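The values are calculated or read from the model by the stated rules, or taken from the named source; none is laboratory data. Note that the structure is predicted; figures quoted are calculated from it, not measured. Remember, those area values only see protein heavy atoms, side chains included, never the ligands or the DNA or RNA. Shrake-Rupley method; radii C 1.70, N 1.55, O 1.52, S 1.80 Å.
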Amino acid sequence: MADVTNNLIYEVLKSMQTRLDRIDGNVAGVRGELQAMRLHLNGLNQDVSNLYQIVDRQDARLGRIETRLGLLEPAH
């Protein structure tokens, strides 16, 4: 069995620390990308909401026009 020395343990721990630092950097990058995606998704959600409001207003206007032209019975 190989003789395990303090230097060998130290070198292995140093290597592990380097790899963990690199992983931390990668995780920070992924978090930044995820945050950007969340912001973009929130913007898209707001755009869809605005489109629904526009369609709703147009539908209401169309209903009033159809009623005025006598194409529909007035809703009471």
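Here are some notes:
- Put E73, E11, E66, E33 in order of accessible area, highest first, and with a 1.4 Å probe you get E73, E33, E11, E66.
- With DNA, RNA and ligands ignored, accessible area of T18 (1.4 Å probe; Å², nearest 10): 80 Å²
- Calculated mean residue ellipticity, 222 nm, the chain: -31500 deg cm²/dmol, from DSSP H runs (n ≥ 4) at -39500 (n - 2.57) each, averaged per residue and rounded to 500.
- Taking only alpha carbon atoms, the chain gives an Rg to Rh ratio of 1.69, where Rh is the Kirkwood radius.
- Residue ranking by accessible heavy-atom surface, 1.4 Å probe, largest first, among M37, M16 comes out as M37, M16.
- Among the protein heavy atoms, those of L20 account for about 90 Å² of accessible surface (1.4 Å probe, every chain in place).
- Under-5 Å amide H pairs with L72, H placed in peptide plane, nonlocal only: T67
- One chain, two ends: R22 and D59. Fully extended at 0.36 nm per residue, the span grows by 7.8 nm beyond their Cα-Cα distance.
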